[in-house]
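**Q** First the structure, which I've put down as structure tokens, then a few questions once you've had a look.
The values are calculated or read from the model by the stated rules, or taken from the named source; none is laboratory data. Note that the structure is a prediction, hence the values are computed from the model and not measured. Quick reminder, even Gly has a Cβ in these numbers, built from the backbone with ideal geometry, and neighbours come from all protein chains shown.
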Amino acid sequence: MNWPKPHYSRKEVNKAGQTLADLQYDFKNPDDVQDFIEAFDTVSNWRSIHGYPMNTFQATLRQKVALIDKNALVAQRLKRMQSIVQKLRRHENMKLSTMQDIGGLRAVVSNLERVRLLEKSYLSSQFKHEFVKSSDYILWPKLSGYRSFHLVYRYKNKVRPEYNNLRIELQIRTKLQHAFATAVETMDIFMTTALKASEGPKVWLDFFSLTGSAFAYLENTPPIPGYEDMPKRETFSAVIQKAEELQVRDHLLGFTVAARKVQTDSKQGSYHLVLLNHSKKTVSVTTYRKEELEKANSDYSDLEQQIEKGEPVQAVLVAAGPIKDLRRAYPNYFLDTREFLKQLTRIEKQLNV
């Protein structure tokens, strides 16, 4: 198949990223529109070229996961344009060409032991790609409550040098950690906040940080910084109390997209373009075959230009196997937080023992 090729230098890519991060667009001003289109096209091309190395990493990840957890979930995605721009705005000194998670892969395994087995499989094996770093957010969780294990590599291939040095991030997490991240991302969608980046209303930041600490206790891992001196039972009690005060169950259940509001085109393919309209609570999924990746990237970019102009929708291009696995891999795009709510019930039951 014809994979996207780089059309711009890294200097041009960094300039385009900065343009998108800096500009306040007036779409009635022709100069602003032209600047936006040129920068957007450059960043879109930079994002799309991560597809080839990401696909290579996905094949390796599936092989490794198959030996460790047959029920694990593997998925890949190209970072949303909105997320790219927001990250550049948050980190003023960051250059787009060094952003490590434009191409991202995710493995969701059943428990912590299998996270560590997969981690060991990568760190102890001979790998032709260049290891950049690992981040253990399980032993050292983020203030937001987020926990996972991350690996970052630079792609290396003598046969396809045009993709060399592109960075790919692998996230390895448990089902419990996945449930937490999904709930945070779902709240971000509806509140138009960045709780994931520790930005937003303090009451919600505190709730998720506290809940992250409770989830850490469920997996016997270190609590979230700031909650080290709060015992397990006290943490559980505080989580349930805060959940009731904030009406968390009502909020999250109200967000969930019902199955009847999910529209798919019933095609077989390798890539899925997911479009969430969060005002109408509807989801549509367009599927593309492997050889249609160029069209998928083009359609993705077209949608994101509409989002930049204020459309109340979210879009993401992912590869997650069959349609039936899509909701499991990216439940936040279906506003599906049932697993998170199940864990709140689990915590409540433990308090009553």
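**Q** Among 85, 132, 74, 109, which is over 25 Å from residue 294 (Cβ atoms) and either in contact with a helix residue (DSSP H, G or I) (Cβ under 9 Å, 6 or more places away or on another chain) or of a type in the set (Lys, Arg) (or both)?
**A** Numbers: 85 fails: over 25 Å from residue 294 (Cβ atoms); 132 fails: either in contact with a helix residue (DSSP H, G or I) (Cβ under 9 Å, 6 or more places away or on another chain) or of a type in the set (Lys, Arg) (or both); 74 fails: over 25 Å from residue 294 (Cβ atoms).
On inspection, the qualifying residue turns out to be 109.
**Q** So how many residues does segment 275-296 have that are closer than 17 Å to residue 262 by Cα, buried (at least 18 other Cβ atoms within 10 Å of the Cβ) and out of contact with any His (no Cβ under 8 Å at 6 or more places or on another chain)?
**A** 4
**Q** Next up: Do we have residue 322 as surrounded by fewer than 18 Cβ atoms within 10 Å (Cβ to Cβ), under 19 Å from residue 277 (Cβ atoms) and not basic (Lys, Arg) here? If you could, list the steps in order and put the result at the bottom.
**A** Details: surrounded by fewer than 18 Cβ atoms within 10 Å (Cβ to Cβ): yes; under 19 Å from residue 277 (Cβ atoms): no; not basic (Lys, Arg): yes.
Judged against the criteria, residue 322 is not a match.
**Q** Which ones in segment 74-113 are more than 30 Å from residue 306 (Cβ to Cβ), touching a residue at least 60 places away in the same chain (Cβ under 8 Å) and over 13 Å from the mean Cα position of the chain (by Cα)?
**A** 109, 110, 111, 112
**Q** Being free of Cβ contacts under 8 Å to residues at least 40 places away in the same chain, farther than 29 Å from residue 297 by Cβ, surrounded by fewer than 18 Cβ atoms within 10 Å (Cβ to Cβ) and hydrophobic (A, V, I, L, M, F, W, C), is that true of even one residue in segment 123-137?
**A** yes
**Q** Being closer than 18 Å to residue 332 by Cα and modelled with pLDDT of 95 or more narrows it down to one of 215, 190, 255, 180, so name that one.
**A** On the way: 215 fails: closer than 18 Å to residue 332 by Cα; 190 fails: modelled with pLDDT of 95 or more; 255 fails: modelled with pLDDT of 95 or more.
None of the others qualify; the one that does is 180.
**Q** So which strands (runs of 3 or more DSSP E) are wholly in segment 99-216 and hold at least 3 residues that are more than 27 Å from residue 50 (Cβ to Cβ)? Before you say what the answer is, go through the steps one by one.
**A** On the way: elements: 103-109, 130-136, 149-154, 167-174.
Because the criterion is at least 3 residues that are more than 27 Å from residue 50 (Cβ to Cβ), no strands (runs of 3 or more DSSP E) in segment 99-216 meet it.
**Q** Show the residue pairs meeting these rules: Cβ distance below 6 Å; 6+ apart or different chains; first residue within segment 205-232 and over 16 Å from residue 184 (Cβ atoms); second residue outside any loop (DSSP other than H, G, I, E, B) and not basic (Lys, Arg).
**A** Once the first residue is over 16 Å from residue 184 (Cβ atoms) and sits in segment 205-232, its partners that are outside any loop (DSSP other than H, G, I, E, B) and not basic (Lys, Arg) give 219/112; 223/213; 223/216; 227/213; 232/217.
**Q** May I ask you to list pairs of residues, at least six apart or on different chains, whose Cβ atoms are under 6 Å apart, with the first in segment 1-16 being under 21 Å from residue 55 (Cβ atoms) and the second being of a type in the set (Gly, Ala, Ser)?
**A** 4/48; 13/97
**Q** Let me confirm something: among 185, 219, which residue is surrounded by 17 or more Cβ atoms within 10 Å (Cβ to Cβ), closer than 30 Å to residue 65 by Cα and of a type in the set (Asp, Glu)?
**A** On the way: 219 fails: surrounded by 17 or more Cβ atoms within 10 Å (Cβ to Cβ).
That would be 185, the only listed residue that is surrounded by 17 or more Cβ atoms within 10 Å (Cβ to Cβ), closer than 30 Å to residue 65 by Cα and of a type in the set (Asp, Glu).
**Q** Any residue at all in segment 60-67 that's buried (at least 20 other Cβ atoms within 10 Å of the Cβ), on the phi < 0 side of the Ramachandran plot and small (Gly, Ala, Ser)?
**A** Scanning segment 60-67 turns up no residue that is buried (at least 20 other Cβ atoms within 10 Å of the Cβ), on the phi < 0 side of the Ramachandran plot and small (Gly, Ala, Ser).
**Q** Does residue 205 fit the bill of being of a type in the set (A, V, I, L, M), in contact with a Pro (Cβ under 7 Å, 6 or more places away or on another chain) and surrounded by fewer than 21 Cβ atoms within 10 Å (Cβ to Cβ)?
**A** no
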